[in-house]
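Have a look at the structure below, then the notes.
The values are calculated or read from the model by the stated rules, or taken from the named source; none is laboratory data. Everything quoted here is computed from the prediction, not taken from an experiment. Backbone-built Cβ (ideal geometry, glycine too); neighbour counts: all protein chains shown.
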Amino acid sequence: MTRQPRLFVLVLLAGACVSSPLARTAPRPTAATAAPSGPSTAGPWAMRPSTAPQNVLVSTQAVVTITGDPATRVDSLRSTLDASYAQLPGNVRRLDGRLAAFQVASGAGTPTSVAGLTLPARFSVELGGTAAGFRLPTASNVCSDPSLSVMQGLYDAWTLLPDTLGLRTEWVDTVQTISCRDRVPMKGTGVRRFRVARADVENGRVVVTIERKAKTRLAGEGEQFGEHVIIDGQGESTVRYALDVQSARWLRASGASTLELSFKSKIRNQRVRQESQISVSWTP
């Protein structure tokens with residue numbers, strides 16, 4: 001702020017007038033400097049993670065284009081994921097929660113649940129360290145229990161915040177994903193880069209905008225309908241988050257992602273491109 005330097009100059013000028021032998025009048029009292037009103041958007045802000053439970057809703061709309069044998073096909077998909085979770089007291093790196101609902105629809109069809117998915121489904125996630133990843137459900141059941149594949153969408157709702165945030169603060173984390181596509185398990189590694197872009201006051205509280213850019217590599221190999229299939233892929237995403245710095249709780253997020261996958265076997269070669277729009281909202 002510039003008020004303090006200006007006030008300092010005025011004080012010096014008043015002192016010079018008092019000491020002058022030509023002017024013996026008493027100095028005029030200086031006006032009190034008004035304290036800034038409302039919360040400050042200058043930062044920095046100390047992050048004190050809350051252990052209170054939080055609900056999250058993840059909505060995705062996607063266009064999927066499949067090329068190769070036998071022809072090109074375009075589908076539109078939409079899904080909603082509803083879950084709740086909380087950080088463990090004394091261990092901010094661990095989240096425990098449950099998946100309450102998941103539905104998916106193709107085109108203009110009615111949303112339906114996923115075959116074989118039993119709800120509610122419990123989960124446990126470890127954040128930070130070398131990489132973030134699910135402790136439960138276990139990866140060994142990824143192609144027999146669809147819950148782990150469904151829960152991969154929850155990664156858009158989580159990151160371990162630095163102890164202090166300021167404007168232009170940056171950090172990086174890594175997530176380890178595992179899912180099943182057409183009976184073939186796929187493992188992925190995503191590197192996510194976060195940056196505090198700005199701070200605003202909303203309803204009397206300071207809300208910072210955090211931008212996230214991520215790149216993911218995917219790979220899988222297995223038997224699919226009697227064929228040995230190799231899957232390779234990569235993806236990119238950009239998401240903007242709103243965070244209440246006083247409570248260190250997420251408010252909302254939105255963004256877009258692209259995913260390119262190739263399926264190769266001795267008798268076929270397919271490519272899949274998925275373009276998605278993501279929306280995330282949190283409630284206490």
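Just a few scattered comments:
- Tabulated pairs, region 115-141, first within 18 Å of residue 53 (Cβ to Cβ), second part of a loop (DSSP other than H, G, I, E, B) and modelled with pLDDT under 95, C-beta under 6 angstrom, 6+ apart or interchain: 127/160
- Contact annotation: residue pairs with Cβ atoms under 6 Å, 6 or more positions apart or on different chains, pairing a residue in region 262-280 that is within 30 Å of residue 84 (Cα to Cα) with a partner that is surrounded by 18 or more Cβ atoms within 10 Å (Cβ to Cβ) and of a type in the set (S, T, N, Q), are 276/60; 276/257; 278/60.
- Residues in region 99-134 that are hydrophobic (A, V, I, L, M, F, W, C), in contact with an Asp or Glu (Cβ under 7 Å, 6 or more places away or on another chain) and farther than 14 Å from residue 82 by Cα: 1 in all.
- Residues considered: 252, 212, 192. Of these, the only one that is free of Cβ contacts under 8 Å to residues at least 40 places away in the same chain, under 13 Å from the mean Cα position of the chain (by Cα), assigned to a strand (DSSP E or B) and crowded, with 18+ Cβ neighbours inside 10 Å is 192.
- The one condition in (1) of a type in the set (Lys, Arg); (2) under 21 Å from residue 272 (Cα atoms); (3) surrounded by fewer than 16 Cβ atoms within 10 Å (Cβ to Cβ) that residue 78 fails to fulfil: (3)
- For region 128-146, the candidate set comprises residues that are surrounded by 20 or more Cβ atoms within 10 Å (Cβ to Cβ) and under 20 Å from the mean Cα position of the chain (by Cα); within that set, the residue that is nearest to residue 184 (Cα to Cα) is 134.
- In region 255-274, the residues that are assigned to a strand (DSSP E or B) and either of a type in the set (D, E, K, R) or more than 18 Å from residue 214 (Cβ to Cβ) (or both): 260, 262, 263, 264, 269, 270, 271, 272, 273
Results for (1) in a loop (DSSP other than H, G, I, E, B); (2) over 30 Å from residue 83 (Cα atoms); (3) modelled with pLDDT under 50, shown as yes or no for each residue.
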residue	(1), (2), (3)
14	no, yes, yes
38	yes, yes, no
41	yes, yes, no
48	yes, no, no
65	no, no, no
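- Selection count, region 107-127, where residues are surrounded by 14 or more Cβ atoms within 10 Å (Cβ to Cβ), part of a strand (DSSP E or B) and over 21 Å from the mean Cα position of the chain (by Cα): 1
- Sole exception among (1) under 23 Å from residue 53 (Cα atoms); (2) surrounded by 16 or more Cβ atoms within 10 Å (Cβ to Cβ); (3) not hydrophobic (A, V, I, L, M, F, W, C) for residue 240, by number: (2)
Yes/no per residue for (1) basic (Lys, Arg); (2) at pLDDT below 95; (3) at positive phi; (4) surrounded by 17 or more Cβ atoms within 10 Å (Cβ to Cβ):
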| site | (1), (2), (3), (4) |
| --- | --- |
| 73 | yes, yes, no, no |
| 85 | no, no, no, yes |
| 89 | no, yes, no, no |
| 94 | yes, yes, no, no |
| 100 | no, no, no, no |
